[in-house]
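Asker: After the structure tokens below, expect a handful of questions from me.
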Amino acid sequence: MKIQRLLLLCLLASLGAVLLLPSGAEARKKRRSLSSEEVLQQAIPQLIGSALSSDRAWTNLLWLCDRIGHRLSGTPALDRAVAWGAERMQAEGLSNVHTEEVLVPRWVRGEESLFQLAPLERELPMLGLGGSVGTGEAGVDAEVVVVSSFDELAALDDAAVLGRVVLYDVPFTTYGETVQYRVHGASRAAERGAVAALVRSVTPESLQTPHTGAMHYDEELPKIPTAAVTVEDAQALHRLTEAGQTVRVRLRMEARTEDDVPSANVVGEVRGRELPDEVVVLGCHLDSWDVGQGAQDDGAGCVMAMEAGRLIAALPTAPRRTVRVVLYTNEENGLRGGVGYAEQHSEETASHAAVLEADIGAGTAFGWRVDVRVGADEATLETNRAVALERLEPLREALEPLGAGQFQPGGAGADVGPMVRKGVAGLGLDMDRSGYWPIHHTHADTVDKIDPLTLRRNTAVFAVTAFWLAEIEGRIVDPGQPVYVPPKDD
């Protein structure tokens with residue numbers, strides 16, 4: 001009922017704002033004389049009302065998920081998604097719609113399987129990790145050694161690891177901490193002589209569902225195949241080894257990496273009325289893993305960004321700065337889209353007032369993580385972060401009716417990260433992630449997990465924030481400051 005009441009209030013406010021606007025040539029003249037405060041007073045209720053009453057983001061998400069499906073880099077599905085994104089932005093009133101080509105990796109999963117051979121025989125659900133090598137036709141048939149940390153692995157005798165499969169049974173703490181075993185586990189195991197690595201899926205909850213994701217090889221070490229198993233099976237195999245049982249598995253993977261192929265970021269704009277060369281970016285990533293539909297990761301973010309752009313373009317008064325929607329390619333297994341954007345727009349870096357990203361699912365948004373990296377030293381950095389939060393206070397008040405008025409320091413997101421590391425202020429949409437981690441990078445990341453009304457509400461938060469940042473006098477971070485680089489440990 002809360003959303004319905006908010007919708008009614010916003011629709012009334014939006015209607016009132018529209019009725020107060022003059023029309024025709026008089027309207028254009030009148031709008032040119034409006035102050036930024038007056039523009040915001042008119043635009044914010046219209047954006048909220050329009051977002052909460054529109055199903056456009058939802059219908060776009062249904063199309064993306066049901067008619068294109070998952071979109072791994074280097075696949076025809078991602079090519080179709082790129083073309084679809086450009087077509088939708090053009091149709092929905094954005095200007096300067098175009099694609100910006102980047103080369104992306106092409107990793108092919110192929111057929112894969114994992115069987116427990118002893119002490120009992122059974123098939124184990126698994127997903128190869130993105131970037132892994134294959135096992136060859138013969139597969140890997142070996143005993144399993146289970147560890148719960150890199151330190152446990154390092155403490156083992158060489159004979160306990162040589163020729164074996166290392167299984168990392170590491171409980172979820174935070175994503176940043178636990179994902180290190182998925183990313184680096186294969187090389188750490190190979191360094192000790194293992195022939196393959198298995199990783200407990202990076203999730204706090206599981207319903208016997210494996211989670212894929214990117215991994216990385218140390219080029220100085222042998223490359224061994226690696227895959228994710230379910231939380232339940234990791235614990236079961238661990239219990240068996242702790243009981244003194246010999247656990248043996250057979251892993252077969254056809255995984256391979258082919259030559260890089262072309263892909264593209266999709267870009268569209270709402271041109272600023274006074275400072276068109278200054279830019280606020282609305283970002284998300286269009287690619288996904290090759291399982292599920294990529295609905296939460298990150299189809300929802302993309303349709304929110306496109307819809308926010310459409311809503312801003314439909315306003316009677318454009319924001320002072322340009323709002324640029326960017327659907328990044330290849331976030332999942334290479335980040336080539338985010339890096340490519342930063343490189344292709346390097347001469348515009350100082351013109352970026354802020355970069356926004358939505359890439360943690362489709363739960364209820366409650367605010368923003370604010371990512372500021374500028375300052376000549378650590379003390380100046382902390383001062384700049386405090387100043388940015390203070391300057392965002394009016395935006396917090398504008399978002400409180402949507403329940404999204406919380407602001408805190410934190411990472412803005414992977415795709416906008418390259419621009420943030422150059423000194424641009426970054427904001428990452430903060431959401432309820434309780435429904436996100438259980439289906440993250442799994443076959444279960446499908447559109448039925450997303451609530452259409454929550455999607456409308458989150459879109460309103462995205463649109464209001466982008467417009468506010470594009471309209472205000474000045475910026476939340478003063479441009480031209482050096483980027484703080486923490487000293488390296490000796």
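Asker: Does region 201-248 classify as rounded, prolate or oblate by the C-alpha gyration tensor (a ≥ b ≥ c root eigenvalues; a/c under 1.5 gives rounded; else a/b over b/c gives prolate, otherwise oblate)? Display every interim value, and only then the final one.
Answerer: Working: a/c = 3.20, a/b = 1.31, b/c = 2.43.
Oblate.
Asker: Now for a different question. Stokes-Einstein D for region 261-413 at 10 °C, 1.306 mPa s, Kirkwood Rh over Cα pairs, in µm²/s?
Answerer: Answer, rounded: 95 µm²/s.
Asker: Throw me the Rg/Rh for region 83-126, computed over C-alpha atoms with Kirkwood Rh, two decimals.
Answerer: Ratio value, two decimals: 1.45.
Asker: First measure r as the distance between the Cβ atoms of S149 and A243, then evaluate 1/(1 + (r/R0)^6) with R0 = 30 Å and state the FRET efficiency to the nearest 0.05. The partial results should precede the final answer.
Answerer: Numbers: r = 20 Å, r/R0 = 0.68.
Rounded to the nearest 0.05, the efficiency is 0.90.
Asker: If you project the alpha carbons of region 179-276 onto their three principal axes, what span does each projection cover, largest first, in Å?
Answerer: So the three principal-axis extents are 72, 34, 22 Å.
Asker: How large is the charge dipole for the chain, taken about the Cα centre, if only the Cβ atoms of Lys, Arg (+1) and Asp, Glu (-1) carry charge, to the nearest 20 debye?
Answerer: It works out to roughly 1740 debye.
Asker: Under a Cβ-only charge scheme (Lys and Arg +1, Asp and Glu -1), can you give me the dipole magnitude of region 140-204 about the Cα centre, in debye to the nearest 20?
Answerer: 220 debye
Asker: Do me a favour and compute the ellipsoid semi-axes for region 152-235 from its Cα gyration tensor, root of five times each eigenvalue, largest one first, whole Å.
Answerer: Semi-axes, largest first: 21, 13, 11 Å.
Asker: Please compute the Kirkwood hydrodynamic radius over region 335-404, one decimal place, Å, based on all pairs of different Cα atoms.
Answerer: The answer is 14.7 Å.
Asker: How much length would be gained if the chain were fully extended between L156 and A91, taking 0.36 nm per residue of separation minus their Cα-Cα distance, in nm to one decimal?
Answerer: Here the answer is 17.4 nm.
Asker: Then there's this: Could I have the simple spin-label model distance between S113 and Q41, label points 7 Å from Cα toward Cβ, reported in nm to one decimal?
Answerer: For S113 paired with Q41, the spin-label model returns 7.1 nm.
Asker: With all protein chains present, how much of the accessible area of the chain (probe radius 1.4 Å) comes from carbon and sulfur, to the nearest whole percent?
Answerer: Here carbon and sulfur together make up 51 percent of the probe-accessible area.
Asker: Once the cut-off is 17 Å, how many percent of the Cα-Cα pairs in region 387-490 end up in the long-distance tail?
Answerer: 65 percent
Asker: Please report Rg over Rh for region 226-335, where both radii come from the alpha carbon positions and Rh follows the Kirkwood definition.
Answerer: Rounded to two decimals, Rg/Rh equals 1.26.
Asker: Can I ask one more? Residue farthest toward the positive end of the dipole of region 42-152, with Cβ of Lys/Arg at +1 and Asp/Glu at -1: which of M89, S132, G49?
Answerer: Value: G49.
Asker: Please report the projected area of region 48-202's Cα convex hull averaged over all directions, in nm².
Answerer: Details: hull surface 56.1 nm².
Dividing the Cα hull surface by four gives the mean projection, 14.0 nm².
Asker: Specify the inter-centroid distance of region 392-418 and region 156-235, based on alpha-carbon positions, in whole Å.
Answerer: 34 Å
Asker: Over the chain, give the accessible area per residue in Å² for a 1.4 Å probe, as an integer.
Answerer: Details: 20140 Å² over 490 residues.
Roughly 41 Å² per residue, with all protein chains present.
Asker: Moving on. Which value, in debye to the nearest 20, gives the size of the charge dipole of region 64-144 about its Cα centre, when Lys and Arg are +1 and Asp and Glu are -1 at the Cβ?
Answerer: Details: 7 positive and 13 negative charges, 68 e Å.
Its charge dipole is roughly 320 debye.
Asker: D79: accessible area at probe 1.4 Å, nearest 10 Å²?
Answerer: Accessible area of D79: about 80 Å².
Asker: Assuming R0 = 30 Å, can you tell me the calculated FRET efficiency for the pair V483 and E400, based on Cβ-Cβ distance, to the nearest 0.05?
Answerer: 0.40
Asker: Say each of A379 and Q408 gets a label point 7 Å from the Cα, pointing the same way as Cα to Cβ; how far apart are those two points in nm?
Answerer: Each label point is offset 7 Å from its Cα along the Cβ direction, giving 2.8 nm.
Asker: For region 43-124, what size does the Cα cloud have along each of its three principal axes, sorted from largest down, in whole Å?
Answerer: 66, 32, 21
Asker: From the phi of every residue in region 464-470, what ³J(HN,Hα) in whole Hz does the Karplus formula 6.51 cos²θ - 1.76 cosθ + 1.60 yield, where θ is phi - 60° and glycine or proline is x?
Answerer: For region 464-470, the Karplus curve yields 4, 5, 4, 5, 4, 5, 7 Hz.
Asker: Next up: More than 40 Å apart: what percent of Cα pairs in the chain qualify?
Answerer: Tail fraction, whole percent: 26.
The values are calculated or read from the model by the stated rules, or taken from the named source; none is laboratory data. Owing to the predicted nature of the structure, the values given are computational and were not obtained by experimental measurement. Virtual Cβ from ideal backbone geometry, glycine too; neighbours counted across all protein chains shown. These area figures cover heavy atoms from the full protein model, side chains too; ligands, DNA and RNA do not enter into them. Shrake-Rupley method; radii C 1.70, N 1.55, O 1.52, S 1.80 Å.
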